[in-house]
Every structure is written in C-alpha cells, then in structure tokens.
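Data block below; observations after.
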Amino acid sequence: MSCGRSTLAAQCGGFSDALSRAIGRSLQLYWQVRKYPPSSSFNSRTKRLEFALLRPYPPWLTYWLWISYGVLFVGEIQSWWVPYFFGSKPEKAARFRATFGATHSFLPERHGIVPNSLHSALHLATLATLVALGLRVG
C-alpha cells in the first residue's frame, strides 16, 4: 500500500505509530512478567499470562500440523508407494515414466514405476516431521 497523498500519509503514519506502540507495550509487559516475579496474591494470574506469552506456539497449531502433514503423507503413499509396490494402470506408469523418467533414482524399477531420489527424500522428511510431532505430543 502506497501512502502518496497527504491524507493517506497521515493514515498510514498513524497506523504504523499505533502498531509500534502496541508492539512496544507487548514487549514491555513480557519483560515485566519475566523480570519481576509478582507477589503471591497475583501469582496464579501472572503464571497464566506468562504461560500464554512464553509457549512456543498455540496448541491448535499442533493439531493443524498433524492434519496437514498426515494428509500430505497419505497422498504421498497413495501416489508413489502403492503403485510402486502393488502396481497400477499402464497409463499411470507411462505418465510416471514421461514425467520422472530422466530423474535420478536409487531404487530399482517395479511395475513400471520408480520413485526418484528427490521425492524419496521428501517422503522421508514428511515421515520425520510426523515422528517429531508424535514425540512432541507424547
């Protein structure tokens, strides 16, 4: 967004000033909570606030990551590994050869399909992410 005219410049300047003040207040609150422990009467309220401010990410993000990486991994298994181990239609094998025939692979060809090295690394990284999420939850 460009702030070329004087009225827009005033609006954009006001927004950035308000944003910087809000960020400054948030950081100030964060450091006050971290630096000065409260008295016992405010202890539980401040602990909740500190927990909300200091955790690395919100709890719903763990579920979102599980769902998104789980769906991705199921798609990878269905599109690459099921046809590789159990076979598929000849049209699909021809399409795989036309698309990925010139790429590097370290696995032998089976049923006319061979997973290339880049996709194999991607699938291992997806699996490692799911394992890391499982260790995080557990």
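The values are calculated or read from the model by the stated rules, or taken from the named source; none is laboratory data. Worth saying up front: this structure is predicted, and the values here are computed from it rather than measured. All Cβ positions, even for glycine, are placed from backbone atoms using ideal geometry, and neighbour counts span all protein chains on display.
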Report task. Of the conditions (1) at pLDDT 90 or above; (2) in contact with a Lys or Arg (Cβ under 9 Å, 6 or more places away or on another chain), VAL114 clears all except one; give me its number. Result -> (1)
Query raised in the report: Out of curiosity, is SER120 surrounded by 12 or more Cβ atoms within 10 Å (Cβ to Cβ) and of a type in the set (Ser, Thr, Tyr)?
Result: yes
Requested in this report: Filter segment 85-103 down to residues that are within 30 Å of the chain's Cα centre (by Cα) and at pLDDT below 90 and give me whichever is surrounded by the most Cβ atoms within 10 Å (Cβ to Cβ).
Outcome: PHE96
Query raised in the report: Of LEU29, LEU53, which residue is surrounded by 10 or more Cβ atoms within 10 Å (Cβ to Cβ), in a helix (DSSP H, G or I) and modelled with pLDDT under 65?
Result: LEU53
